[in-house]
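Read through the structure below, which is laid out as structure tokens, and then see the notes.
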Amino acid sequence: MSEDYRGMWKDLGLDLAGHDALLGVLSGAYRDIFLSQKNRPEGMGYFDFVMSEVHGLRIRELLDEKKTGRKIIGSYCVFVPEEIALAANATLVGLCSGADFAMSEVEKLLPRNTCALIKSSFGFKLGKVCPYLESADMIVGENTCDGKKKAYESLGHLVNNLFVMDLPQVKSEQGRALLKSEYQRFRTAVEALTGVVITVESLKQAIQTVNAKRAAIHRLSSLRKADPAPISGLDALLANQVFFYDNPARFTDSVNKICDELEKRIAEKNGVFPEKTPRILISGCPQAVPNWKLPFIVETSGAVIVGEESCVGERGTRNLTDASGKTVDEMMEAIVDRYYQVDCAIFTPNPQRLEHIQEMGAAYKADGVIHYGLQFCQPYLMESIPVEKALEEKNIPTLRIETDYSMEDVGQLKTRIEAFVEQLR
Ligand code: BJ8
């Protein structure tokens, strides 16, 4: 960190010793995983800076926003509509859930066989090491998988500002109606929190801001179709992760700048990996900061990742919201339409996800798919079996990985992934 933020962290109630330990591990991992890469795009310097300040400068910015009366809303899921938060003068941020912390405390509240993502969100709260969570004026939980919806019952006792949103599990008329009424309820709660009533102008502006951010990341994704790949999967994942934390307008500009650079690199055939490097599509559970385990293993095993069918990736960002509505209600409908297309594995049945995996595989010219399932994640592990079967039937080599956030299985994963990459050559 370029500045001393200890007073700020103390005021937020963080456990300074635990937080120091976390930042120590994080910066070491970042150096070893990201900064050791060769021939990175220069524009990644911006993301290196963001990550070095992710608990520092960005938190100071959020606290400065709060001083002006703006509210901060924290979320764990891409179903929480950023457009509504922005339109009511609030900032939406993703909450920490990508690393193990305070596990012995967590396992007093959650069964051991809970997925690492849920355990991590509790660990950051119990260990008092997430400044985003401690800055938030409202935390949104969503009834998605069984693990999350039951965990929010317990989280509600640990925080005093939890808003739980119900979500459909079936894409039907009733399912859409439920999503719509829950987004209305969220809107009312956010307006009550901020004291700001959403208007046609504020909602339109918010939709345009979020669309611009998504369009920039779409541009970045489409440049990954080139061979040689102009950016590593690790760096592209990082951009997708920062999507959840950064100031939206600044993020959009920074991603577009990288895209300008990548276009030049593509024209010069200046890839981060040699041409014809085996290309992998990752599909499955979200990879939240600092969960870089799988892409690190893949990209040090002779392959390049060219896309993520994931909520930290294309499942989360792929559709834009129609901003042409003339009334708040029309734009609220457009928001429901946009989010209703998210094909999370909590939906049953969920054929759109399989179609999207195949579409992405073809568009990014992937040689194979790695299905990433977090241990104990029923929705994605259940889906991984029919997904693998369907892909193999189309002669798309597929590898199913089931793992967690620990480093214990790195050697074993590397052996399996190297063998898989060999098969793709
Ligand atoms: S829309 S994927 S962000 S719910 S890994 S906690 S599913 S047991 S994260 Fe998700 Fe929203 Fe869906 Fe996306 Fe449960 Fe699985 Fe854990 Fe998960």
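The values are calculated or read from the model by the stated rules, or taken from the named source; none is laboratory data. The shown structure was predicted, so the numbers you read here are calculated from the model rather than taken from an experiment. For neighbour counting, all protein chains shown are included, and Cβ atoms are generated from backbone atoms with ideal geometry for every residue, glycine included. In case anyone asks, the SASA skips ligands and DNA or RNA and just uses the protein heavy atoms, side chains included. Shrake-Rupley method; radii C 1.70, N 1.55, O 1.52, S 1.80 Å.
Which of LYS38/LYS269; LYS66/LYS148; LYS276/LYS389 have a Cα-Cα distance over 18 Å? Provide the component values of the computation, followed by the final result.
Numbers: LYS38/LYS269 15 Å; LYS66/LYS148 28 Å; LYS276/LYS389 26 Å.
Beyond 18 Å: LYS66/LYS148; LYS276/LYS389.
Accessible area per residue for the range 1-152 is 39 Å², calculated with a 1.4 Å probe on protein heavy atoms, without ligands, DNA or RNA. Largest GNM mean-square fluctuation across VAL80, VAL410, VAL306, computed for the chain with C-alpha springs under 10 Å, falls on VAL410. Here the Gaussian network model covers the chain, with springs between Cα atoms less than 10 Å apart; of PHE49, PHE296, PHE34, PHE49 fluctuates the most. Span-like helices, the chain: DSSP H, alpha-carbon axial extent 27 Å or more, mean Kyte-Doolittle -1.0 or greater, which ones? Flagged H segments are 173-194, 200-223, 248-268.
If r is the Cβ-Cβ distance from SER104 to VAL164 and R0 is 22 Å, what FRET efficiency results, to the nearest 0.05? The computed FRET efficiency comes out at 0.25.
Averaged per residue, the range 304-355 has 34 square angstrom of accessible surface, using a 1.4 angstrom probe with ligands and nucleic acids left out. Accessible surface of the chain, 1.4 Å probe: 54 percent of it comes from carbon and sulfur atoms.
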